[in-house]
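The values are calculated or read from the model by the stated rules, or taken from the named source; none is laboratory data. Just so it is clear, the model here is predicted, and its values are computed rather than measured. No Cβ is skipped: glycine too gets one built from the backbone with ideal geometry, and neighbour counts run over all protein chains shown. Remember, those area values only see protein heavy atoms, side chains included, never the ligands or the DNA or RNA. Shrake-Rupley method; radii C 1.70, N 1.55, O 1.52, S 1.80 Å.
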There are 2 protein chains.
Amino acid sequence: MADAKIRLYVDHPLAGGQSVPLTEDQARYLFAVMRLQPGALVLLFNGRDGEWLAEVAETGKRGGRLVCQSQTRPLQAPPDLWLVFAPVKKARTDFIVEKAVELGVARILPVQTQFTNSERLRADRQQAHAVEAAEQCGATFVPEVVELQPLDRLLAGWSADRRILWCNEAKAGVATALAGQPAGPWAILIGPEGGFSDRERAKLAALPQVVEASLGPRILRAETAALAALTLWQAALGDWK
Amino acid sequence: MADAKIRLYVDHPLAGGQSVPLTEDQARYLFAVMRLQPGALVLLFNGRDGEWLAEVAETGKRGGRLVCQSQTRPLQAPPDLWLVFAPVKKARTDFIVEKAVELGVARILPVQTQFTNSERLRADRQQAHAVEAAEQCGATFVPEVVELQPLDRLLAGWSADRRILWCNEAKAGVATALAGQPAGPWAILIGPEGGFSDRERAKLAALPQVVEASLGPRILRAETAALAALTLWQAALGDWK
């Protein structure tokens, strides 16, 4: 990586000898901001084909072209784990998305709950933030960030085979709760800072897919809870074993 | 807590009927900024005596006095776990300190390593940041932040009975590495973004107190590694069981 420090996400197939056209934004970044010349090396990934070393073949103000040389890393796809969370303040929501990318999730689903403080979340911005996090942390996969939706609607269409790790108070710890559970499809559910409403709690407790677990005796902020739950799930059922 | 949303750290004993004098800064915050009047309720903690509900007894521009009524929560002291880390950029160092408070550590020790980017760290500022994090997250304990010191010097005086969880690559996962280990005194060691030098690695590998473990197949930033390691240690040997 000494010769290719820039990592760039592209929405284009990557393979040996593959020519990769650049968008205007990418060309501006590589050629105007980073001042790369023809022959310079860049690392590319697209979330599907792993990471590739690519050489600048054509530069331009509004575009350009790279050519893939060799794969530097295979795709490191995450387990089939979703993160469902109620957005908090922007900096902390950004943080949740960034850390979910680093720790490895397949999909990020922001939900509105009865006590959610933030009524809006721009999924396109959070998707761009996920791409940027992947570029910076060396990830080869980028989870999809879906549009904000009401928790009720999400649960109404929930598939029977996807278990939900609900981080709740006063129950067994996550490691205990996950012991003996199948790896299969899972989701982690993190509530808003104000907690779930009684109605929401009753609904969740009645869902057969739900596994309740505690994140220790201290009060954790939403983003800390998300990160801790992702870590414990990865260690128990994911690819950290 | 409906009547007492402000949580304040004070460096003073807390007990039923105890009178607690305020510093000028605290008085300014409570009376000028938050505009509390005599009779208003505040939550106090000092890191030793748990959390107490206290009533404003005297207000003033340069001071004031609260009187403790009843204990609202006992002290939730963390396990004897230290976090040793190489400082990164300020926002991310702040983050490590904040999350260490939330997840529960006894002591925070920033160290200079050969590849540490940040040469300076103001322990007094990070201590204030730890207090603020504790005020905000409901913690009743505040870990001590010690002055930045060279890793070599810290290791030279390391006690024989404090194990070190060294988050390294290409070894067993943390949960596996910690299985069967005693709870006793521990420290978690997180390297700088550039990793440890060969000399440092050799030194660590030779220390009998060191237990090496991996944090999964993805590259984690320093602050993410710190949080993930703290979480896994708490679940395996700490008070999250």
Going through A:ASP25, A:ASP94 one at a time, which residue ends up being over 30 Å from A:LEU237 (Cα atoms) and open to solvent by 10 Å² or more (accessible area, probe 1.4 Å)?
A:ASP25
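Being open to solvent by less than 10 Å² (accessible area, probe 1.4 Å), more than 14 Å from chain B (Cβ to nearest Cβ) and among the hydrophobic types (A, V, I, L, M, F, W, C) is the filter here; which residues of region A:42-83 pass it?
First pass over region A:42-83, keeping only residues open to solvent by less than 10 Å² (accessible area, probe 1.4 Å): A:42-46, A:50-51, A:54, A:56, A:66, A:68, A:81, A:83.
Among the residues that remain, those that are also more than 14 Å from chain B (Cβ to nearest Cβ) are: A:42, A:44, A:46, A:54, A:56, A:66, A:68, A:83.
Across region A:42-83, the qualifying residues are A:VAL42, A:LEU44, A:ALA54, A:VAL56, A:LEU66, A:CYS68, A:LEU83.
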In region B:28-37, what count of residues is obtained for those that are open to solvent by 40 Å² or more (accessible area, probe 1.4 Å) and outside any loop (DSSP other than H, G, I, E, B)?
4
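Okay, residues lined up against (1) free of Cβ contacts under 8 Å to residues at least 60 places away in the same chain; (2) charged (D, E, K, R):
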residue	(1), (2)
A:ARG92	no, yes
A:GLU98	yes, yes
A:ILE108	yes, no
A:THR116	no, no
A:ARG120	yes, yes
A:ALA123	yes, no
A:ALA130	yes, no
A:GLU135	no, yes
A:VAL142	no, no
Residue under evaluation A:LYS99, criteria (1) within 16 Å of A:ALA134 (Cα to Cα); (2) outside the structural domain of A:ALA187 (by TED's automatic domain parsing); (3) outside any strand (DSSP E or B), criterion not met
(2)
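Every residue, every condition in (1) at pLDDT below 95; (2) of a type outside the set (Asp, Glu); (3) assigned to a loop (DSSP other than H, G, I, E, B), yes or no:
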{"site": "A:LEU14", "(1), (2), (3)": "no, yes, yes"}
{"site": "A:LEU44", "(1), (2), (3)": "no, yes, no"}
{"site": "A:GLN69", "(1), (2), (3)": "no, yes, no"}
{"site": "A:THR93", "(1), (2), (3)": "yes, yes, no"}
Can you pull out every residue in region B:219-237 that is buried (at least 24 other Cβ atoms within 10 Å of the Cβ), in contact with a strand residue (DSSP E or B) (Cβ under 8 Å, 6 or more places away or on another chain) and more than 7 Å from every other protein chain (Cβ to nearest Cβ)?
B:ALA226, B:ALA229, B:LEU230, B:TRP233
Looking at B:PRO208, B:PRO182, which one is more than 24 Å from the chain's Cα centre (by Cα) and at negative phi?
B:PRO208
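In region B:33-85, what count of residues is obtained for those that are of a type outside the set (Ser, Thr, Tyr), farther than 30 Å from B:TRP186 by Cα and out of contact with any strand residue (DSSP E or B) (no Cβ under 8 Å at 6 or more places or on another chain)? Talk me through it step by step, then tell me what you get.
Kept after step one, since they are of a type outside the set (Ser, Thr, Tyr), are these residues of region B:33-85: B:33-58, B:60-69, B:71, B:73-85.
Restricting the remaining residues to those that are farther than 30 Å from B:TRP186 by Cα gives B:33-43, B:52-58, B:60-69, B:71.
Subset that is out of contact with any strand residue (DSSP E or B) (no Cβ under 8 Å at 6 or more places or on another chain): B:33-35, B:60-62.
Qualifying residue count, region B:33-85: 6.
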From the list B:LEU189, B:LEU155, B:LEU204, B:LEU230, which residue is closer than 29 Å to A:GLU193 by Cβ, in the same structural domain as B:ASP94 (by TED's automatic domain parsing) and of a type outside the set (D, E, K, R)?
B:LEU230
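Does B:GLY184 qualify as being touching a residue at least 40 places away in the same chain (Cβ under 8 Å), small (Gly, Ala, Ser) and touching a strand residue (DSSP E or B) at 6+ places or on another chain (Cβ under 6 Å)? Give the steps one after another, and end with the answer.
Values: touching a residue at least 40 places away in the same chain (Cβ under 8 Å): yes; small (Gly, Ala, Ser): yes; touching a strand residue (DSSP E or B) at 6+ places or on another chain (Cβ under 6 Å): no.
No: the conditions fail for B:GLY184.
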